[in-house]
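FYI, it's all coordinate maths here, none of it is from the lab. Quantities reported herein were computed from a predicted structural model and do not represent experimental measurements. All Cβ positions, glycine included, derive from the backbone under ideal geometry; neighbour counts span all protein chains shown.
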Amino acid sequence: IIFYEGSNFQGRSYECSADCTDTYRYFNCCNSIRVMGGHWVAYEKPYYMGYQYVLGRGEYPNFHHWMGFNSCIRSCQMFPP
């Protein structure tokens, strides 16, 4: 999964291949996401708290595409294979 600060995959990015308890050190906000494989759960708060967004393989050019309330993603987990 790759997180981007800007919409339409612009700006700084962070590629994550394993569970991450706090994404804040990598980016301030998340306005677009690319899921390269598998299924992921992105969370609004650190340590897998807050609103959850289940993301399958595909492109999400802005937070509305993953039905987000805002551009805040602070942790993520991959579903088991």
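Across region 34-74, Cα-Cα pairs farther apart than 11 Å form 63% of the total. Each of the trypsin sites (Lys or Arg not before Pro) that DSSP puts in a loop and that has at most 13 other Cβ atoms within 10 Å breaks the chain; the longest unbroken stretch is 13-56. Between Tyr47 and Asn70, the distance separating the two model label sites (each 7 Å from Cα on the Cα→Cβ line) works out to 2.0 nm.
Extent along the principal axes, Cα only, for the chain: 29, 22, 21 Å, with the longest axis given first.
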